[in-house]
Amino acid sequence: MSIQKEELRSSKWFGRKGKDGFIYRAWMKNQGTPPDMFDGRPVIGICNTWSELTPCNGHFRDLAEAVKKGVLEAGGFPVEFPVMSLGETLIKPTAMLYRNLVSMDVEESIRANPIDGVVLLCGCDKTTPSLVMGACSVDLPTIVISGGPMLKGHWKGRDIGTSDIWRFDAASKLGQITQDEFVEAEYCMARTQGHCAVMGTASTMAVMMEALGLSLPNNAAIPAADARRKVLSQISGRRIVEMVRENISLSQILTRKAFENAIMVNAAMGGSTNFVIHLLAIAGRIGIDLNIDDFDKFSQHIPLLANVQPSGENYMEDLYYAGGLPSVMKEMQKILHNDVLTVNGKSIGENASKAEVYDRNIISTMETPFKPESGIVVLKGNMAPNGAVIKPSAASPALLKHSGKAVVFENIEDYHARIDLPELEIDANSVMVLKNVGPKGYPGMAEVGNMTLPKKLLEQGVTDIVRISDGRMSGTGFGTVVLHVSPEAAVGGVLALVQNGDRISLDTHNRSLHLDVSDEELAKRKKAWVQKEKIQPRGYVHLYQTHVEQAHLGADMDFLKGGSGSTITRDSH
Ligand code: FES
C-alpha cells in the first residue's frame, strides 16, 4: 500500500510550521540544501561505514555519492550519516565484540532522525550484520549495498587471496619463504579497493544479503573496482525512494522463507561459519523464529555449486564473470522458495530467471556439483549440548570422523606460549582444544579457532588435525575445525572440563561431538571448576559480558532482541 507525503516520518520534522519547523529546516539549509528538498519528498538516510581504519570500506564515499545521485533522480532527499565502523584487520581484541554496539548506534541513529528509508553501506565482515541488526529493530524500508570484493591478487605468477595468508604463515614457519617475500606478498594480495576476494565472511554476508532479498541482484559479487558497483549503488538509490513510496519495510522481505533461502544459498556457496551467528542475530531482531538446528536441516544435502575459495579454487570476481549469484540461485530453483519478495519488488525467482552460467568450472549444476555436501553441520553431544558447528567443505574428509586425545590450551595466551615448545605432546591424531575464546570468555568470540599447527607437525608434513573451541574462525580459514561450542568454557560448559589426554570423538556424519569421560568424573570436575575469566568492571565491555547470549542463539545481547519500531515516543520541541 503506497504512502502519502504527509504520512512520511520526515514530515513530522520538515513539514512542521512555526518555530520547530524553522529549526529543523534552517540548520539543514546551512549545508546548501535547496528549499524543495523539504517539500514532502522521501528522506533517505545513507548509513556509511567509511573509515580509513576499515580499509575494506575505504571506497564508500564514492559509493555514497552514487547512491545520492540515484536518490535525487528518483525525487528523494539523500542524507548521509556515519556510524561506528568495524575493520576486521585492525580492531582489537576482536571486531565481533563491537557488532552489537554498532547495531545500537545504527538503530538509534535511524530512529532518532527524520529518515523515511535507509541505504546501508556494508563491507568488511561485521559491518553487514551490525547495520542490518540495527535497521531490523527499526523496520523502515531498507536496502543493502555491499562494497564488493577486491580483485584477486597476483604474486610470483599465481593468483592469491586472503586464504593464502595461512599458507604463507605455515611456509614462513618452515623457512620456505623469506620475510621479504612475505612482505612483498602484502601489496600483491591487497592491490585494489574492496573486501576479501574469496568467500570469506564479508562475501558470505554479501551473499546473505542478496539471498535474503535485501539487495539488488548481483550485489554479492560485482568487484569493488568494477564500475558496475557504482551503477548498482545509483540504482539502489533510485529504488529506495520507490520502496518508501510503496511502503515496503524490512519485515515484509525478511520472512521465514527468506531465511531458509539464505541458509540453502550459503551452503551452495560454501559460506563462512560466521553466517550462523549473524543470521541468528538478524532473525532475533526481526522476530523470526530461527534456531541453530535449522542450519543443519536446510543445508543438509545441498551440494557445493560455487568453486570459490576456501571451499574451492577461485575468487569472487570469477564468480561474477561466470554469472554471479543469480546464476547460482537459478541452479537452485527446484529447492528455493522462489516466491519471496526482494527489494526491487520482484521475487527471488524472477530475479534469477534470466541468469546464465558462462563457466561451468566456476558454477556447477546441482547434478554435477564440486562437492556432494556443503553447508554447515551442527554437532551435538556431551561436549556441546547446545551445539557446535563445522564446515565440512573446508575440512579434510579423512578427519570428519575421528577420535583422538585432547591437547588442551586454557586460553589463547596459553596456546601462543606453548604451541611450539619441543616438549608439547602432540601428534597427527591429537585433538587441539582451545578454551575461553567464546562470547563472554574472550570476550567477543575471537576468530582463533583454526589455530596454526605446531611447527613440529608442519615439518612432518601434517597440514590438518581436528581443532575444537568456543571461538570462531575467519571465513577465509580452512581445516577440520569445530567452532562455537555452546555452552562456552567461561560459563562452565563441558568444554571447560576437558583435560589433556581425554579422548574426544568427532563424528560429523552422525552430528556428534563426544568427550569420552564418565558423567561421574565430569560432575567431580565441575564441582572443582573455578571461573577464571573475569567480567570487566566498567564500560561497554561490562555491558557486553553481562548480557551477551551464547553462540547458539547468535551472541546478541539479551535486551537487544526484537525491535522498538520507528515511532518517536517523546517530542520535546
Ligand atoms: Fe575486511 Fe576480510 S578483512 S573483509
Just a yes or no: is a residue in segment 259-278 of a type in the set (Phe, Trp, Tyr), closer than 18 Å to residue 394 by Cα and out of contact with any Leu (no Cβ under 9 Å at 6 or more places or on another chain)? yes
If a residue must be aromatic (Phe, Trp, Tyr), within 16 Å of the ligand (Cβ to nearest atom) and open to solvent by less than 60 Å² (accessible area, probe 1.4 Å), how many such residues does segment 14-64 contain? 1
Report, by residue number, each residue of segment 32-63 that is of a type in the set (A, V, I, L, M) and free of Cβ contacts under 8 Å to residues at least 60 places away in the same chain. 37, 53
Taking the conditions exactly as written (without any contact (Cβ under 8 Å) to a residue 60 or more places away in the chain, open to solvent by 10 Å² or more (accessible area, probe 1.4 Å) and more than 16 Å from the ligand (Cβ to nearest atom)), does residue 82 satisfy them or not? yes
Name the residues in segment 450-481 that are more than 16 Å from residue 311 (Cα to Cα), touching a strand residue (DSSP E or B) at 6+ places or on another chain (Cβ under 6 Å) and more than 16 Å from the ligand (Cβ to nearest atom), would you? 451, 466, 467, 468, 469, 470
Can you say whether residue 128 is in contact with a Cys (Cβ under 6 Å, 6 or more places away or on another chain), in a helix (DSSP H, G or I) and at pLDDT 95 or above, as far as the supplied structure shows? yes
Which strands (runs of 3 or more DSSP E) sit wholly inside segment 399-501 and have at least 2 residues that are charged (D, E, K, R)? 401-409
Segment 319-367 - residue that is open to solvent by less than 50 Å² (accessible area, probe 1.4 Å), of a type in the set (Val, Ile, Thr) and not in a strand (DSSP E or B) and, of those, farthest from residue 265 (Cα to Cα): 343
Could you please give the count of residues in segment 157-201 that are of a type in the set (A, V, I, L, M), touching a residue at least 60 places away in the same chain (Cβ under 8 Å) and within 16 Å of the ligand (Cβ to nearest atom)? 5
Is it the case, given these coordinates, that residue 274 is at pLDDT 95 or above, closer than 25 Å to residue 195 by Cα and open to solvent by 10 Å² or more (accessible area, probe 1.4 Å)? no
Considering residues that are outside any strand (DSSP E or B) and within 16 Å of the ligand (Cβ to nearest atom), the number found within segment 105-125 is 3
Selection count where residues are part of a loop (DSSP other than H, G, I, E, B) and open to solvent by 10 Å² or more (accessible area, probe 1.4 Å), scope segment 189-210: 5
Hey, among the residues in segment 382-396 that are outside any loop (DSSP other than H, G, I, E, B) and open to solvent by 30 Å² or more (accessible area, probe 1.4 Å), which one's farthest from residue 274 (Cα to Cα)? 385
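The values are calculated or read from the model by the stated rules, or taken from the named source; none is laboratory data. Remember, it's a predicted structure, so these values are computed and weren't measured experimentally. As a convention, Cβ positions derive from the backbone with ideal geometry for all residues, glycine included, and neighbour counts pool all protein chains shown. Side chains included, ligands, DNA and RNA excluded: accessible areas come from the protein's heavy atoms. Shrake-Rupley method; radii C 1.70, N 1.55, O 1.52, S 1.80 Å.
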